[in-house]
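In what follows, a structure is listed as structure tokens, so that the remarks can point back to it.
The values are calculated or read from the model by the stated rules, or taken from the named source; none is laboratory data. Just so it is clear, the structure is predicted and the values come from calculations on it, not from any experiment. Glycine also receives a Cβ, built like all others from the backbone with ideal geometry; neighbour counts cover every protein chain displayed.
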Amino acid sequence: MKDCITIADLRERARRRLPRILFDWIDGGAGDEAAMRENADALSAVRFLPRYMLDVTGRRQDKTLFGRRYDSPFGIAPTGYAGLFRPGADSILAGAAQRANLPFILSGTSVDSIEVVMQAAPDHAWYQLYGAAEPAITRDMILRAERAGCAALVVTIDIPLAAKRERDLRNGFGIPLRMTPRMVLDGMLHPAWSLDYLRTGGMPVMENWRPYAPVGSDAMQVAEYANTHSYCVQTWDHLKLFRQLWPRKLVVKGVSHPEDAAIAVDLGADGIIASNHGGRQGDRLAAIPPLLGRLRAAIGPDVPLMMDGGIRRGTDVLAALCLGADFVFAGRPTLFGVVAGGAAGADRALAILREELDMLMGQVGCLSLDDPDLRRFVL
């Protein structure tokens with residue numbers, strides 16, 4: 001993994017390892033993929049204004065979030081079905097976050113269960129909640145996350161409908177994954193992934209959903225049952241209920257409109273993750289980085305404002321912080337890493353982001369991310 005010096009290198013290794021149908025699911029976005037590109041473009045367009053003649057040898061990138069000190073100002077965003085791309089990927093990513101002292105958000109469409117992931121990262125895992133169509137299931141998932149010790153519940157609000165992901169439509173991708181002749185041929189051309197897939201029993205079971213599916217359901221049937229609860233109606237009344245049920249930090253993810261951010265905070269959200277779902281839900285949704293100033297004005301100075309989408313380099317992390325974010329989450333970089341090299345790949349992805357962030361901080365004269373005026377480092 002040391003030969004991988006950028007996230008793009010890890011992405012290329014992941015591309016070579018995975019059948020195209022799976023790589024495109026990770027790599028792609030909705031429609032023309034404009035929202036996905038524009039997240040990254042908005043961050044890469046930021047230009048830094050360095051200050052020189054400073055002693056930068058003591059620079060540090062640790063950051064406090066919800067009263068906890070993390071070693072860097074970023075964490076691992078939720079990435080669904082990770083265990084399909086690398087067996088045990090959810091727990092591997094959680095373990096990488098634990099080793100790096102960073103937060104990890106377990107996807108609401110994970111393969112590993114909440115309870116198993118909390119064993120890998122007992123002090124660093126949060127849980128992403130996708131509300132189920134059946135309220136009793138949602139309540140039970142919240143209770144399980146509480147019992148397991150998750151530090152935060154991340155309520156994701158930006159999936160009212162299924163997206164039109166054109167790569168997936170052309171490839172015939174779906175969950176559960178079905179072995180078509182085309183898929184079998186693609187698998188033969190990617191033997192490393194195929195051998196892992198067969199060695200671990202084929203289609204993995206979505207363990208978080210197994211308790212709710214009909215008794216005796218196999219992996220396909222559990223996935224099909226989970227799909228019946230996708231894209232269910234969510235309103236602010238649901239958030240009120242989640243706030244009543246959840247005793248710890250409550251984060252609302254998928255916010256882009258300042259008025260939605262203000263409503264979420266008024267209803268008890270402890271933090272906001274500004275996001276357009278990494279460009280996976282709509283191709284003409286606004287890019288997130290330019291909205292950070294408006295979102296900050298809407299929620300005030302004291303509520304943690306986080307963001308995800310478009311993070312590909314450590315320089316993107318500093319750009320987001322200078323634009324007004326308190327903390328950043330990245331999903332694809334670490335997913336590329338775990339697909340490319342398992343635990344070593346996940347560790348390498350985090351190390352790359354850290355190294356690039358540290359280098360840029362030294363180059364621009366930023367000694368600490370607790371600096372109250374990070375905006376002065378950008379044009």
Original post:
Looking at the stretch 45-52, is at least one residue in contact with a strand residue (DSSP E or B) (Cβ under 9 Å, 6 or more places away or on another chain), surrounded by fewer than 20 Cβ atoms within 10 Å (Cβ to Cβ) and of a type in the set (D, E, K, R)?
Top reply: yes
**OP:** Would you check if residue 187 is of a type outside the set (A, V, I, L, M) and over 22 Å from residue 340 (Cα atoms)?
**Re:** no
**OP:** Could you tell me whether any residue of the stretch 82-93 is touching a strand residue (DSSP E or B) at 6+ places or on another chain (Cβ under 7 Å) and crowded, with 18+ Cβ neighbours inside 10 Å?
**Re:** yes
**OP:** Mind checking which helices (runs of 4 or more DSSP H) fall wholly inside the stretch 141-219 and carry at least 1 residues that are under 26 Å from residue 30 (Cβ atoms) and among the basic types (Lys, Arg)?
**Re:** 166-171, 181-188
Original post:
Can you name every residue in the stretch 341-365 that is of a type in the set (Val, Ile, Thr) and under 12 Å from residue 60 (Cα atoms)?
Top reply: none
Original post:
Do we find that residue 252 is part of a helix (DSSP H, G or I) and touching a residue at least 12 places away in the same chain (Cβ under 8 Å) in this structure?
Top reply: no
Original post:
In the stretch 314-331, is there at least one residue being touching a residue at least 60 places away in the same chain (Cβ under 8 Å), assigned to a loop (DSSP other than H, G, I, E, B) and among the small types (Gly, Ala, Ser)?
Top reply: yes
Original post:
So which residues in the stretch 321-361 are under 27 Å from residue 296 (Cβ atoms) and touching a Lys or Arg at 6+ places or on another chain (Cβ under 6 Å)?
Top reply: 322, 324, 356, 361
Original post:
What pairs can you find where one residue is in the stretch 210-232 and modelled with pLDDT of 95 or more, the other is of a type in the set (D, E, K, R) and not in a loop (DSSP other than H, G, I, E, B), and their Cβ atoms are less than 8 Å apart, with a gap of 6+ or different chains?
Top reply: 211/140; 212/140
Original post:
Given the residues 148, 120, which is the only one that is buried (at least 18 other Cβ atoms within 10 Å of the Cβ), over 17 Å from the mean Cα position of the chain (by Cα) and closer than 20 Å to residue 330 by Cβ?
Top reply: 120
**OP:** Kindly provide the set of residues from the stretch 98-117 that are aliphatic (A, V, I, L, M) and over 12 Å from the mean Cα position of the chain (by Cα), ordered by number.
**Re:** 100, 102, 111, 114, 116, 117
Subject >> Within the stretch 168-209, considering residues that are of a type in the set (Val, Ile, Thr) and touching a residue at least 60 places away in the same chain (Cβ under 8 Å), the one surrounded by the fewest Cβ atoms within 10 Å (Cβ to Cβ) >> reply: 200
Original post:
Which condition does residue 33 not pass, out of (1) crowded, with 17+ Cβ neighbours inside 10 Å; (2) among the acidic types (Asp, Glu); (3) farther than 22 Å from residue 283 by Cβ, if it passes all the others?
Top reply: (3)
